[in-house]
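See below for the structure under consideration.
Every read-out reported here was derived from the displayed coordinates using simple, explicitly stated rules and does not represent laboratory data. Just so it is clear, the structure is predicted and the values come from calculations on it, not from any experiment. Methodologically, a virtual Cβ is constructed for each residue, glycine included, from the backbone with ideal geometry; neighbour enumeration extends over all protein chains shown.
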Amino acid sequence: MSEMDGTTEATTEQVATETTPSNCMDAEGNFTEGWKDKYVPENLRGEEIFNRTKSMQGAMSMLSNFDKMKGADTMTKPSDKYTDDDWDAYHKAGGWTGEDAKFERPEDMPEEVWSDERATKFAGLFNQLRLNPTQISGIMEAYNADVMQEVTDYNNNSETYTAQLKADLLSEWGNAYTQKEHLANFAIEKGTKGDADFKDRILQKFGNDPDFIKYNANIGGDFSGSGQAPNINQAPTPKDIDAQIQVINNSDAFSQPLHPEHKQTMATLARLYKEKAIVRVPA
């Protein structure tokens, strides 16, 4: 204490104690500057967790949470230093069984759109990626559904296209359709040369294709014209009827009402138009 003013002179040791907390923590438990240097081992000070730790209360909460997680399954974040064994352990933690994956054709998938070679390729990729059963099942389900949708779309489009071709052919042949089919069948008989099995395969593959029917009808017509096929009493096609109508339209009996054959000509014209309009669809 000073004899002049009655105060106590603080020593250097007392000042240092008052300005620098010995535990690197303020009165509210918040860590102050330099706390990691005092409490964290030097080789751990760069860990991110210590940058997130701001107070003693926070540190205690982290410790409590860690203790609760000790019995739970945990997974280490992969790094570029992972070895094959590390990756095996990582994927096993995620459900990988280590068993060879199987990629099999669903029962409702047509065999003609299934590829064993592609299935083997995908199964190998699944094994290489160490996918777990849930992942494999999800990929297979999505892939198979996509393939089946493509098959459905193709069949629908194919049926629509075939129906349009048949409608066009019916429009072209009219009531001669059935006779044209007979000519097509004769050409098939000629082409298969009496081989019943061969004929059945041809008909199963192409029998309902309007283009195939028209192709063979043209060939059968050539046979008929040369006398090699039975003579078929063929109904006129719409094109044939149009030709007859054109002849009538260019005749005097059509253009001259006083012509002696005008009435008969108009009756014939009406019959032709009616015949052209009423096309009987073959069964």
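Taking a straight Cα-Cα cut-off under 18 Å and skipping sequence neighbours fewer than 8 places away in the same chain, the aspartates and glutamates within cross-link reach of residue 205 are 111, 112, 159, 181, 189, 195, 197. In bins 5 Å wide, starting from 0, what share of all Cα pairs of region 236-283 does each bin hold, as a percent? Reading the bins upward from 0: 5, 22, 27, 20, 13, 7, 3, 2, 1, 0. Using every pair of separate Cα atoms, the Kirkwood estimate puts the hydrodynamic radius of region 98-252 at 20.1 angstrom.
Taking a straight line from the alpha carbon of residue 81, these lysines sit under 30 Å away, with near neighbours fewer than eight places off in the same chain left out: 36, 68, 70, 92, 121.
At full extension, residue 151 and residue 163 could sit 2.5 nm farther apart than now, given 0.36 nm per residue minus the alpha carbon distance. Sorted ascending by nearby beta carbons within 10 Å, beginning with the fewest, 180, 205 become 205, 180. Looking at region 106-158, the chymotrypsin sites (Phe, Trp or Tyr not before Pro) that sit in a DSSP loop and have at most 15 other Cβ atoms within 10 Å of their own Cβ are 114.
Global size of region 85-159: 15.2, 54 Å for Rg and Dmax (C-alpha atoms, Rg to one decimal, Dmax whole).
Separation of region 169-192 from region 235-266 is 29 Å, based on Cα centroids.
Residues 53, 162 in ascending order of nearby Cβ atoms (within 10 Å, fewest first): 162, 53.
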